[in-house]
1. For the stretch A:16-21, what does the Karplus curve 6.51 cos²θ - 1.76 cosθ + 1.60, with θ = phi - 60°, yield as ³J(HN,Hα) per residue in whole Hz, taken in order and with x for Gly and Pro?
2. Using r as the Cβ-Cβ distance of B:His50 and B:Phe11, and R0 as 22 Å, what FRET efficiency do you calculate, to the nearest 0.05?
3. Pull up the cross-link candidates among the lysines for B:Lys29, meaning alpha carbon to alpha carbon under 20 Å and not fewer than 8 places away within one chain.
4. I'd like the orientation of helix B:8-24 relative to chain B: the angle between its Cα long axis and the longest Cα principal axis, in ° from 0 to 90, rounded to 10.
5. Taking every pair of alpha-carbon atoms in the protein assembly as shown, give the share separated by more than 26 Å as a whole percent.
6. Can you give me the angle between helix B:31-41 and the longest principal axis of chain B, using Cα atoms only, in degrees from 0 to 90, rounded to the nearest 10?
7. Grab the Cα-Cα distance for A:Lys143 and A:Ala86, subtract it from 0.36 nm times how many residues apart they are, and report the gain in nm with one decimal.
8. How many angstrom lie between the C-alpha centres of the stretch B:68-83 and the stretch A:16-62?
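Every number in this text was worked out from the coordinates using simple rules, so none of it is lab data. Computed from a predicted structure; not experimentally measured. Every residue, glycine among them, receives a Cβ derived from its backbone with ideal geometry; neighbour counts consider all protein chains shown.
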Amino acid sequence: MRARPRGAFEHVLREVGSGLTVPLPVRVHILRELAYDLEALSDRFVAEGLSMDEARRRASEALVPDAKSLNALERLHEPLYKRFTAHITPDRSRVGERWALAVTASVLLAGGLALLRINLLDQPVLWPALALGAVLFAAVLAKAFELRVK
Amino acid sequence: MSGEDFDVQGFARDINELLILSTLRAGAKHGYQVALDVETESNGLFKFRHGTLYPILHRLEGEGLIEGSWSKEGGRRRKVYTLTGTGERHLSGETDRVQEIVSRLMLVLGRPGEAPA
């Protein structure tokens, strides 16, 4: 039985992934599709009599996107957010994002406290824990926004 | 179709799209199968290299001309494309357009120096 070398295209896929600026879910789909196709095509070439190395080389040559194809994929999968903010300078958009993040985190936090019926004025001991929680929550929100929306 | 409307680069892009749609007429295929079949059916004349296939597949999918779906095989997730009804109609209309362009071209090539009617 011919052993399939696990992760034979791992370095190629990592390279493609690092050169692809699209939201995380899209990147995962693109890499997953490419991974299957690379393995299936190289298997097919091996079945036709090529050596494993040659089969992998030819499969990569056919399927691994070059810079031009990566650009085309990025344009196709450009998130709405980027399209809407295309005319705004990066600095301004960063300031806007921070404000939006701060407001969202504050609203969610205030909502949570209201739901739990906690009066902060009565329990100042909670403030540091709450501040730490708010910072962590904002950091998670910021990371999720960066990965999934931008 | 007037001479001013004709865009040579756009035509080349359209040909790639039509090749993909045409090969999917035979049934659902993975991306690599599409690339292989186009190459085989055209006797090596048309080849997709350096991942040029994927932007075209994803564009056609976005336009609703083909549909991509995921399935699992031996623990590996794979994507399969099928031609949609819209894609089939598009293919049929575009095939007529390409035929018209090619026949006009042949008319010019066959009668050098004379303007086609």
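1. Couplings: 4, x, 6, x, 10, 9 Hz.
2. My answer for the efficiency is 0.55.
3. B:Lys47, B:Lys72, B:Lys79
4. 40 degrees
5. Above the 26 Å cut-off, the protein assembly as shown has 58 percent of its Cα pairs.
6. The helix B:31-41 is inclined about 40 degrees to chain B.
7. Contour length minus the Cα-Cα distance gives 18.5 nm.
8. 14 Å
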